[in-house]
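Participant: Encoded as structure tokens, here's the structure I'll be asking about.
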Amino acid sequence: MRGVFVDANGSLADIFDRLTMAGDPPVRVNRDPDITAEQMPALLDGAEVVIIDHTPLPTDVARRCTGLKHVVFLGTGARSYMNPEELAELGIEVHLIKGYGDTAVAECTIALMWAAARGIAQMDREMRGGRWLREDGMQLTGKMLGLIGFGGIASEVARIALGSGMRVVAWNRSPKSFAGVEFVTLEKLLSDSNVVSLHLLLNDETRGFLTRERIAAMRPGVLLVNTARAAMVDEAAMIDALKSGHIRHAGLDVFNTEPLPMDHPLTKLPNVTLSAHSAFRTPEASENLIQAAWEHCRRIARG
């Protein structure tokens, strides 16, 4: 078995090299994170395994990757970058990595929530421009946080939020229980929550999940946080709700187009706090991620 890590940034490449063990299958690391999908066939050069961090792998490109049998995707959101079902028809299996950054993403979710509640990013921008902006923030102690989806990340968010004095409700597609969290209908969560945070996996069922109608059903003045996937939200409806004030503030780590273009409407709205799809980026999460990627490669090599 031969593999290629096609789009490693410097820190991930260093961790990957450091975690290499004697007897591991050969995996070449391409230390250029800015490759394009069209470069993939030449970079793989017949390798059976590709490790991908963030580069798209369209089906027509995968078809030209002679010998490719396995994709190890660094995370759970592979559907934003490729079509696993179409790749399976080509004989290519997609492997995901779950749970590596639950705490990191949860902490970023909480950070975006607090920043949105107090308008910190907006005050920072205004002060750098010489303006002394002072407005009332939202006090979150005693407020209701609604979690849409309840996996590992949401459970960490709930733990932190409960510890800070918030009330936490959740909706999940399958039955769940968690100490201190009340599981409610989606309709009740949307209508009652002061803060709504998305924690679903992106698939055919959840794409466009937060529709214009569901956004309209949210409590007026709600805070919206998304550290999951942008495609689950009707972006135009969200922007309209931000402009009208129905959504008081949004804290967003994920976008339909990444990197986010500088002229995108979201960059023009004062009541949006943006982070560059970095919720999972901590040294601890990166270590977990690369260790799991190596375990996939070792398992594949063992057959």
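The values are calculated or read from the model by the stated rules, or taken from the named source; none is laboratory data. Since the model is a prediction, treat every value here as computed from it, not as a measurement. Using ideal geometry, Cβ is built from the backbone for each residue, glycine included, and neighbour counts are taken over all protein chains shown.
Participant: Output the qualifying pairs, or none if there are none: Cβ atoms under 7 angstrom, residues six or more apart or on different chains, first residue in segment 262-290 and farther than 18 Å from residue 112 by Cβ and touching a residue at least 12 places away in the same chain (Cβ under 8 Å), second residue part of a loop (DSSP other than H, G, I, E, B) and of a type outside the set (Gly, Ala, Ser).
Facilitator: What qualifies is 288/100; 289/74; 289/97; 289/100; 290/19.
Participant: Does segment 118-154 hold any residues that are farther than 14 Å from residue 223 by Cβ and touching a Phe, Trp or Tyr at 6+ places or on another chain (Cβ under 6 Å), and which are they?
Facilitator: none
For every residue, the table says whether it meets (1) outside any loop (DSSP other than H, G, I, E, B); (2) at pLDDT 95 or above; (3) within 22 Å of the chain's Cα centre (by Cα).
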position	(1), (2), (3)
13	yes, yes, yes
28	yes, yes, no
34	no, no, yes
43	yes, yes, no
56	no, yes, yes
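Participant: Condition first: at pLDDT 95 or above, assigned to a strand (DSSP E or B) and over 22 Å from residue 114 (Cα atoms). Can you find one or more residues in segment 183-199 that meet it?
Facilitator: Yes - at least one qualifying residue is present in segment 183-199.
Participant: Let me ask something else about it. Output the residue which, of all residues in segment 204-241 that are part of a loop (DSSP other than H, G, I, E, B), in contact with a helix residue (DSSP H, G or I) (Cβ under 6 Å, 6 or more places away or on another chain) and aliphatic (A, V, I, L, M), is farthest from residue 147 (Cα to Cα).
Facilitator: By that ranking, first place goes to 217.
Participant: Please tell me if residue 113 is in a loop (DSSP other than H, G, I, E, B), in the same structural domain as residue 191 (by TED's automatic domain parsing), touching a residue at least 60 places away in the same chain (Cβ under 8 Å) and of a type outside the set (S, T, N, Q).
Facilitator: Against the criterion (in a loop (DSSP other than H, G, I, E, B), in the same structural domain as residue 191 (by TED's automatic domain parsing), touching a residue at least 60 places away in the same chain (Cβ under 8 Å) and of a type outside the set (S, T, N, Q)), residue 113 does not qualify.
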